[in-house]
Each structure stands twice: as structure tokens, then as C-alpha cells.
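See below for the structure under consideration.
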Amino acid sequence: MAPPSSSGLPEFGLNAPLPAGKPFEEAELQTRTSLPLLSACLLAAGLALTGCKTGTTPPVPAIQPPVPQAEPVSPLDALIAQYAQVYQVPEALVHRVVKRESTYNPKARNGGHYGLMQLKPATARTMGFRGGASDLYDAETNLKYGVKYLRGAWLLADGSHDKAVRLYSSGYYYEAKRRGMLVETGLRSG
């Protein structure tokens, strides 16, 4: 560090007195390393002050938060939501069954199973259906009776989606009978 001046502050530069008892080369080396450091500090301070000359800061553009976009609800999604609510079955469970049974194809058919939830006409009749088998291709009709049937599986599954799907697929009459829940599940009128 350079020796202090009469003001008590260190002096830098070519006019600084040589430190007492130090050879000239050592003092010159000290001056050479101090000057670039001082220059860099002054340059940084000058750049920082340049923005302050006008007393104003440049305007910062306002960042607009993205507007959340609701995913468009298809008519099929709306029907699933409606019947899930009517029969108090989790909407996610209805979607899971529809995806598993028909991959959302209302015209799907596999043997004697029809529509979105692959209902058998006899099963739909136990839930109150009075139409013909081809009427189960109608998405709303299929969901109305399919979700009603799924409700029974959901009640017997004790909150387990996996168990509800298994009961829906395999049938749950005997489980409902064993537990005394034929009326609650809709398999017998009260």
C-alpha cells in the first residue's frame, strides 16, 4: 500500500514519495500495481454515476404475469363432470374407466358391451335403462347409467380407485350382497 500523505490518505501515482528504506524497483512495482487498480475503481465509479446524471432512472418495463388459460372443456368432459357430480363419484375415476373401457370412443363395442363405459344392456337395465342396445352408443345415455353403476363399485371400494375399477369391470353383485349393500349400490330397489 502507498504511504499516507499529509492528509492521512495513501498517495498513488507518479508523484507519490518513495517509501523510506525501500529500493526504487520495489516502489515502482507498488506504483504499477496500484495505478491499474485505482483506474479500474474510478472507471467503475464513473460508469455507476453516469446513470445518475439526470436524476432519473430509465423506466423498467412492467412484467405482465401470464393470464391463465382454462383448458377448453369438451362436451364429453362436461358430461363426465355432470354425472360424476350427480352420482358423487370422483371425476378422475370416471375418466379412468372411460379411458380404459373405450378410449373415449362413444361408438366402441366389444361383444355385448357398448359405448364409452362398455355397458351391457342388462347391466344398464338394473340401473333403470329402458332403451335398446344401440341407445348405449349415445354418450349421455351411456354415462348416465354407466356412472350410476360405477357409483356402486365406488361405494364398495372404500375409497380405492383401483378396487372400484376392478369391481366395475368384474361386477359387484355378490360383494354388495355379502355386505348387505344391494340397495345402496342400486342393484336392488329399496
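All of the numbers you see were taken from the coordinates with simple rules; none came from a lab. The structure presented is a predicted model; accordingly, all values stated were derived computationally and were not measured. Positions of Cβ are backbone-derived with ideal geometry, glycine not excepted, and every protein chain shown enters the neighbour counts.
Quick one: is L150 within 15 Å of S170 (Cα to Cα) and outside any loop (DSSP other than H, G, I, E, B)?
On the way: within 15 Å of S170 (Cα to Cα): yes; outside any loop (DSSP other than H, G, I, E, B): yes.
Against the criterion (within 15 Å of S170 (Cα to Cα) and outside any loop (DSSP other than H, G, I, E, B)), L150 qualifies.
Yes/no per residue for (1) β-branched (V, I, T); (2) touching a residue at least 24 places away in the same chain (Cβ under 8 Å):
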site	(1), (2)
I80	yes, yes
Y83	no, yes
Q88	no, yes
T103	yes, no
K107	no, yes
N110	no, no
H113	no, no
L116	no, yes
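Hey, can you tell me all the residues within segment 155-183 that are among the small types (G, A, S) and closer than 22 Å to E101 by Cα? First the steps, then the outcome.
We begin by selecting, within segment 155-183, every residue among the small types (G, A, S); these are 157, 159-160, 164, 169-171, 176, 180.
Listed by number, the residues that qualify are A157, G159, S160, A164, S169, S170, G171.
Within segment 94-147, how many residues are hydrophobic (A, V, I, L, M, F, W, C) and either part of a loop (DSSP other than H, G, I, E, B) or farther than 18 Å from V165 by Cα (or both)? Total satisfying the criteria: 9.
The set of residues from segment 169-190 being surrounded by fewer than 11 Cβ atoms within 10 Å (Cβ to Cβ) and among the aromatic types (F, W, Y) comprises just one member, Y174.
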